[in-house]
Amino acid sequence: MGGPAVELKLLGLAVIVGLVQLVWAAIAARRQQGLKWAGGPRDEPPPPISGVAARLDRAFHNFMETFPLFVAAVVAAYLAAKLGPLTHWGAALYVGARAIYPAAYAAGIRYLRTLIWAVSMVGLGMVVTALFR
């Protein structure tokens, strides 16, 4: 056979997107907070972050709000044998938009980042819609 379904490969790619965002946000935060706090027991709240570091942190948290829904939708579509063009393109839209979202957020591009987020939601909606066809 041809290996895993495209949607499952895109799910794996979404995991990589999330890991990259996590590392990018953590590096940006540690640059502001310093390694002394990060290397300690963290008994005290973290020093505040601002600017690009804070935007990257918010972008990562935004990813984490939608990623479990994407996982559930892709796995459900796979298990229900509902994979097809709708899930393929929907998953591609979701992953592609989520991959560029943090850069747009970090750059402070207001309406573009909102449009990118909306595209990712359309993609997620396409995968969910396939479950009911």
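Here is a yes/no grid of residues against (1) without any contact (Cβ under 8 Å) to a residue 40 or more places away in the chain; (2) on the phi < 0 side of the Ramachandran plot; (3) polar (S, T, N, Q):
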position	(1), (2), (3)
14	no, yes, no
23	yes, yes, no
33	yes, yes, yes
38	yes, yes, no
43	yes, yes, no
48	yes, yes, no
57	yes, yes, no
63	no, yes, no
106	no, yes, no
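Going by the structure shown, is residue 101 free of Cβ contacts under 8 Å to residues at least 60 places away in the same chain, in a helix (DSSP H, G or I), surrounded by 18 or more Cβ atoms within 10 Å (Cβ to Cβ) and not polar (S, T, N, Q)?
Details: free of Cβ contacts under 8 Å to residues at least 60 places away in the same chain: yes; in a helix (DSSP H, G or I): yes; surrounded by 18 or more Cβ atoms within 10 Å (Cβ to Cβ): yes; not polar (S, T, N, Q): yes.
Yes; evaluated as a whole, the condition is true for this residue.
Within the range 36-73, take every residue that is among the charged types (D, E, K, R) and not in a helix (DSSP H, G or I) and give me the one that is surrounded by the fewest Cβ atoms within 10 Å (Cβ to Cβ). The extreme case among them is 43. If you check residue 45 against the conditions, is it over 17 Å from residue 106 (Cβ atoms) and out of contact with any helix residue (DSSP H, G or I) (no Cβ under 9 Å at 6 or more places or on another chain)? Criteria met by residue 45. With respect to the stated conditions, residue 26 is more than 17 Å from residue 122 (Cα to Cα), out of contact with any helix residue (DSSP H, G or I) (no Cβ under 8 Å at 6 or more places or on another chain), small (Gly, Ala, Ser) and in a helix (DSSP H, G or I).
Within the range 108-119, residues that are surrounded by 11 or more Cβ atoms within 10 Å (Cβ to Cβ) reach partners that are hydrophobic (A, V, I, L, M, F, W, C) with beta carbons closer than 7 Å, at six or more positions or on different chains, in the pairs 112/104; 113/104; 116/97; 116/100; 116/104; 119/93; 119/97. Could you list, in sequence order, all residues of the range 5-22 that are farther than 15 Å from residue 63 by Cα and among the small types (Gly, Ala, Ser)? 5 - this is the single residue of the range 5-22 that is farther than 15 Å from residue 63 by Cα and among the small types (Gly, Ala, Ser). Of all the criteria given as (1) exposed (fewer than 12 other Cβ atoms within 10 Å of the Cβ); (2) touching a Phe, Trp or Tyr at 6+ places or on another chain (Cβ under 8 Å); (3) within 30 Å of residue 129 (Cα to Cα), the one not satisfied by residue 85 is (2).
No value in this document is a laboratory result; all are computed from the given coordinates. Given the structure is predicted, the values throughout are model-derived calculations rather than measurements. Virtual Cβ from ideal backbone geometry, glycine too; neighbours counted across all protein chains shown.
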